[in-house]
Amino acid sequence: MNQQKRILIVGGVAGGASCAARLRRLDEQAEIVIFERGPYVSFANCGLPYYVGEIIQHEDKLLVATPGLFRERFHIEVRTSHEVTSIDRAAGEVEVRNLETGSVYRERYDALVLSPGATPIRPDLPGIDLPGIFTLRTIPDSREIREWLKTRDAQRAVVAGGGFIGIEMAENLDVWGLDVTIVEMADQLMPPLDPEMAEFVRLRLAAHTAQVRLGDGVAGFEQAGNGGLVVRTQAGERIPADIVILSLGVRPEVGLARQAGLEIGSRGGIRVDDSMRTGDPRIWAVGDAVEVRNSITGEWDLVPLAGPANRHGRIAADAICGRASRFRGIQGTAVCGFFGLTAALTGATEKSLRRAGIGDYEAVYLHPGHHAGYYPGARPIHLKLVFRRSDGLILGAQAVGEEGVERRIDVIAMAIQKGATVFDLEEAELCYAPQYGSAKDPVNLAGMLAANAVRGDVALAPWSGLTETAAFVLDVRDPGEVAGNSIDGAVNIPLDQLRDRLAELPRDREIWVACRTGHRSYYACRLLSQNGFRVRNLPGGHESYKAWFPEGHRQLTGVKL
Ligand SMILES: Cc1cc2nc3c(=O)[nH]c(=O)nc-3n(C[C@H](O)[C@H](O)[C@H](O)COP(=O)(O)OP(=O)(O)OC[C@H]3O[C@@H](n4cnc5c(N)ncnc54)[C@H](O)[C@@H]3O)c2cc1C
């Protein structure tokens with residue numbers, strides 16, 4: 001007969017709740033107790049920005065499960081408003097404080113799972129505790145923001161931090177009719193993206209919000225005479241605001257683990273093995289609080305996302321019940337929607353590869369319609385595929401567009417998990433009818449472009465080298481497309497005239513060829529290389545050029561990479 005195990009779980013949201021439910025499915029006898037410091041378990045943090053924007057109208061919609069459901073359906077005890085304050089590993093006990101009564105008691109465990117999440121960063125800046133400055137992590141946080149918006153005549157908001165949550169909040173404050181300014185210290189929005197892909201995000205936000213300020217951080221806050229706030233920036237700007245949302249990232253909550261002497265890794269998260277077990281054989285840790293291996297770069301990584309937290313919880317439960325489940329590592333598949341645009345990514349970016357010291361890679365860009373061009377309503381997808389130059393292994397992808405973005409990234413995410421190459425993308429059999437895609441889906445096209453490069457059919461020119469290259473830059477667009485809209489120093493010879501004008505091209509210099517999207521320039525490259533010229537294609541053409549060198553915004557994004 002099964003001996004009854006006593007399993008305690010710290011934190012009852014994504015990682016903790018999924019672990020508890022899986023444990024019950026595997027072990028009907030175990031005694032399972034969840035301790036949750038806050039008033040709710042299993043709530044949808046990801047829905048909080050939309051609750052602020054009143055797209056989700058009722059708070060109870062955010063509650064995925066309640067203590068009652070855990071008790072009745074799963075026979076799991078949930079103690080909300082109970083904080084675990086310390087772990088006595090030698091005794092196999094935790095100390096718990098009942099936050100309602102103040103009483104403190106100890107509980108014994110056979111297995112302990114830590115899923116304490118992460119804390120929003122709230123830097124120690126002058127004026128940070130003034131009323132009207134909020135972070136967003138819990139239902140009470142979002143309730144307070146809504147109350148603030150409802151009870152004051154707020155006109156202007158500052159969102160500090162232009163990551164996923166900051167951008168979602170910008171959209172949901174815009175719903176309230178506020179003028180929103182995003183202040184971001186990095187020189188791009190959405191730091192997980194490569195900067196030129198983030199440029200598409202900036203353009204969309206700038207079209208909707210009052211301001212996007214890049215390369216400038218928040219330095220402090222002051223009370224304004226009218227009862228509002230003034231946000232001071234590092235560059236000396238003073239921005240008036242009636243509400244400030246801090247979205248400066250999160251820090252893994254490791255206090256309990258550190259106090260218990262568990263290993264904290266180089267990225268500041270709890271160190272676990274691939275079964276989510278800490279160095280203590282009776283303690284597991286999951287979710288935002290842990291650091292895990294990046295499956296592409298092999299580096300330790302912090303990726304605070306709900307999908308991985310749920311998977312960690314499930315794997316820890318399997319391991320506790322003697323099943324050999326393993327976490328395969330993180331590849332950072334994520335998506336964000338705002339003002340009708342979707343930005344998504346999976347796997348490595350050029351930035352992350354460079355940080356990891358990996359140089360064997362190349363990238364292609366394409367800007368196809370999300371479905372067949374002949375069917376009305378096709379919207380462009382700006383897609384970047386990063387792959388290993390030596391053998392075509394897919395390393396990562398980023399996409400931005402209005403329609404069909406997440407579907408393409410999900411396909412490539414799965415391909416990466418299966419160790420697929422660009423040749424597999426070329427051959428991938430995907431859904432097609434005119435209103436959904438094309439006979440050559442954007443995913444196929446990305447594979448073809450990259451496969452052309454790996455096979456040596458066409459060499460790629462790096463956009464980052466454009467300002468310094470000694471190459472002859474050839475623009476093969478039609479003259480009407482070029483007017484007032486050309487790459488500095490480029491010579492225009494339309495593709496259809498190229499065969500007759502070969503004598504105008506140098507044979508002693510490399511030729512870098514561009515068009516609007518990289519399609520015609522590919523034909524030109526094939527034509528020229530078969531006529532003995534040394535050529536490279538500028539991937540993604542002028543559409544990518546505009547993202548790399550955005551006019552009037554900052555110079556030469558690429559050089560800063
Ligand atoms: C506004 C917002 C939007 C998001 N949107 C997305 C999204 O769209 N997609 C996505 O993938 N991810 C999103 N996330 C991230 C996602 O919510 C987290 O990755 C996920 O919730 C992490 O789960 P977790 O169990 O590790 O931590 P959490 O869900 O944060 O749960 C940890 C819980 O532990 C409790 N706790 C901590 N310490 C103790 C203690 N000592 N004793 C008792 N209880 C304790 C905390 O009160 C907390 O409730 C979003 C997060 C936020 C805040």
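The values are calculated or read from the model by the stated rules, or taken from the named source; none is laboratory data. Given the structure is predicted, the values throughout are model-derived calculations rather than measurements. Ideal geometry is used to build each Cβ from the backbone, glycine not excepted, and the neighbour counts take in all protein chains shown. Note: accessible area is taken over every heavy atom of the protein model, side chains too, but ligands, DNA and RNA are not part of it. Shrake-Rupley method; radii C 1.70, N 1.55, O 1.52, S 1.80 Å.
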**Q.** Using a Förster distance of 45 Å, the FRET efficiency for residue 491-residue 402 (Cβ separation, nearest 0.05)
**A.** 0.85
Q: Compute the acute angle (0 to 90°) between the alpha-carbon long axis of helix 306-320 and the principal axis of greatest extent of the alpha-carbon atoms of the chain; round to the nearest 10°.
A: 50
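In what sequence, highest mean first, do 58-67, 32-41, 414-423, 108-117 appear when ranked by Cβ atoms within 10 angstrom? Please list the in-between numbers first.
Values: 58-67: 14.8, 32-41: 22.0, 414-423: 17.2, 108-117: 24.1.
Descending mean neighbour count gives 108-117, 32-41, 414-423, 58-67.
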Q) What number, rounded to the nearest 500 deg cm²/dmol, is the helix-based mean residue ellipticity at 222 nm of the chain, given -39500 (n - 2.57) per DSSP H run of at least four residues and division by all its residues? A) -7500 deg cm²/dmol
Q) On a 0 to 90 degree scale, rounded to 10, what angle separates helix 195-208 from the longest Cα axis of the chain? A) 80
**Q.** Using a Förster distance of 51 Å, the FRET efficiency for residue 124-residue 483 (Cβ separation, nearest 0.05)
**A.** 0.45
Q) What does the charge count near residue 511 come to, summing +1 for each Lys or Arg and -1 for each Asp or Glu among other residues with Cβ under 14 Å from its Cβ? A) +2
Q.
For a protection proxy built on the mean count of beta-carbon atoms within 10 angstrom, sort 165-178, 472-485 highest first, please.
A. 165-178, 472-485
Q. Within segment 1-34, what residues put their amide N at less than 17 Å from the label point 7 Å along the Cα-to-Cβ vector of residue 91?
A. 8
Q) What percent do you get for the relative contact order of the chain when only Cα pairs under 8 Å and 6+ apart count? A) 11
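Could you work out how much longer the chain between residue 25 and residue 267 gets when fully extended? Use 0.36 nm per residue separation minus the Cα distance between them, nm to one decimal. Spell out each step's value before the answer.
On the way: separation 242, 0.36 × 242 = 87.12 nm, distance 3.32 nm.
Gain on extension, residue 25 to residue 267, equals 83.8 nm.
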(Q) Using the basic label-point model (7 angstrom from Cα toward the beta carbon), what is the residue 379 to residue 144 distance in nanometres? (A) 3.5
Q | All lysines inside 16 Å of residue 384 as judged from Cα atoms, apart from same-chain residues fewer than 8 positions distant | A | 351, 546
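With every protein chain left in place, what is the accessible area per residue of the chain in square angstrom, probe 1.4 Å?
Solvent-accessible surface per residue comes out at 43 Å².
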(Q) Net charge within 14 Å of residue 526 by Cβ-Cβ distance, Lys/Arg positive one each and Asp/Glu negative one each, not counting residue 526 itself? (A) +4
Q) Per the 1.4 Å probe, what fraction of the accessible area of the chain, in percent, lies on carbon and sulfur atoms? A) 48
Q. At what distance in nm do the modelled label points of residue 531 and residue 151 sit from each other, each positioned 7 Å from its Cα along Cα→Cβ?
A. 7.4
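Going highest first, how would you order 439-451, 525-537 by mean Cβ packing within 10 Å?
Values: 439-451: 22.8, 525-537: 18.1.
Descending mean neighbour count gives 439-451, 525-537.
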(Q) Tell me the angle of helix 14-26 to the major Cα principal axis of the chain, expressed in degrees between 0 and 90 and rounded to the nearest ten. (A) 70
